[in-house]
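What follows is calculated from the coordinates using simple rules that are stated; it is not laboratory data. Computed from a predicted structure; not experimentally measured. Positions of Cβ are backbone-derived with ideal geometry, glycine not excepted, and every protein chain shown enters the neighbour counts.
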Amino acid sequence: MEETTERISVSNRQVNLEINFAEKLAARGQVVTHFKDEIWDNIILKSIPLNWHDPEKDEIQFLLFYNDGTYFCQKRRNKYDFESKSSYWASYVFSEGSNEQAKELYELFDGVGRVQKQANYSVWIEKGKELYDNALYYQAKYVKKMVDIQNLLLYSDWRVLPDAPEKLENEREMWIKWRDEVRKLMRSYDDFETPYKAYEYVSKLKFPLDPRNYLKEYPNQDVEYLSTEDQYVKQEFMASNDWVAARILDISDFVQNYVPQEVVVTKKVKDLLAELKAEQYFPYYDFEKYVKEEPQ
């Protein structure tokens with residue numbers, strides 16, 4: 001007989017977390033976590049009671065956790081057909097588990113998923129740190145900063161045209177002076193003894209305030225333009241209005257979409273991970289830093 005694969009329909013309650021056992025993944029809205037095989041086999045499956053999931057005999061196919069504390073579990077049971085003398089899988093709805101047991105499973109999937117996600121970030125960070133010893137990293141930082149300087153000049157080319165609008169007296173001359181100061185920041189990569197020296201140079205650069213930003217700082221113009229240290233800043237976007245205007249879409253996208261993450265799992269999940277020696281599967285993950293007990 002053919003295996004039943006179609007998922008049994010459920011009501012329209014809000015799903016907090018959905019687990020697909022065949023694909024080894026957890027879905028929270030549009031956010032999907034695919035558990036690594038070693039995590040799934042050595043942590044997830046070893047933590048699920050057999051009455052819920054008995055591999056190759058009575059398995060979970062889909063497990064949904066709802067916002068009201070209830071759950072839906074579709075399983076498949078291996079049966080034998082005496083007429084055809086063959087085994088087949090039959091899907092059914094499992095409802096014998098308590099909501100409290102379902103809550104523990106939710107904490108397991110949710111907690112391990114969060115830990116795996118943060119552990120992946122930690123791996124990327126560790127690998128990223130290795131680049132600090134790589135000359136290509138320093139060269140890339142230097143090149144990026146030189147490109148930024150070139151863009152400061154490019155975006156302000158129109159400011160020195162004879163018919164460019166002016167808010168300040170002698171503003172065109174001020175723009176010429178500003179562009180000269182920016183141009184002085186450019187240096188050849190061959191001027192530096194080592195790649196790190198090039199990186200060190202660009203990391204300490206300060207950019208002159210353009211005339212329009214100077215006017216914001218000194219509306220009375222009672223301080224000579226670019227005559228004081230506080231008229232030089234570390235960030236391009238603080239120095240140049242034209243740079244900001246050219247990059248505003250990128251900046252807006254970053255600001256609107258950046259969401260700081262903090263992994264929080266229950267103490268029960270933390271203890272379980274410790275018992276299963278989960279640190280061997282998450283070598284870069286700092287359990288003390290990222291796993292915290294939820295408030296009661």
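Taking Rh as the Kirkwood radius, which is the inverse of the mean 1/r over Cα pairs, what is the Rg/Rh value for region 134-257? Walk me through the intermediate numbers first.
On the way: Rg = 15.8 Å, Rh = 15.7 Å.
Rg/Rh for region 134-257 comes to 1.01.
Given the C-alpha centroids of region 139-200 and region 84-123, what is the distance between them in whole angstrom?
Cα centroid to Cα centroid, the span is 57 Å.
Mean 1/r over all different Cα pairs, inverted: what Kirkwood radius does region 52-125 give, in Å? Could the numbers behind the result be given before it?
Working: mean 1/r = 0.0687 Å⁻¹.
With all distinct Cα pairs of region 52-125 included, I get 14.6 Å.
From the cross-link list LYS145/LYS216; LYS144/LYS234; LYS141/LYS197; LYS177/LYS197; LYS46/LYS79, which pairs have alpha carbons spaced over 18 Å apart?
Details: LYS145/LYS216 26 Å; LYS144/LYS234 15 Å; LYS141/LYS197 11 Å; LYS177/LYS197 28 Å; LYS46/LYS79 24 Å.
From LYS145/LYS216; LYS144/LYS234; LYS141/LYS197; LYS177/LYS197; LYS46/LYS79, over 18 Å: LYS145/LYS216; LYS177/LYS197; LYS46/LYS79.
Using the Cα centre as the reference, give the magnitude of the dipole from point charges on the C-beta atoms of region 134-257 (Lys, Arg: +1; Asp, Glu: -1; all else neutral), rounded to the nearest 20 debye.
Details: 18 positive and 23 negative charges, 88 e Å.
For this selection, approximately 420 debye.
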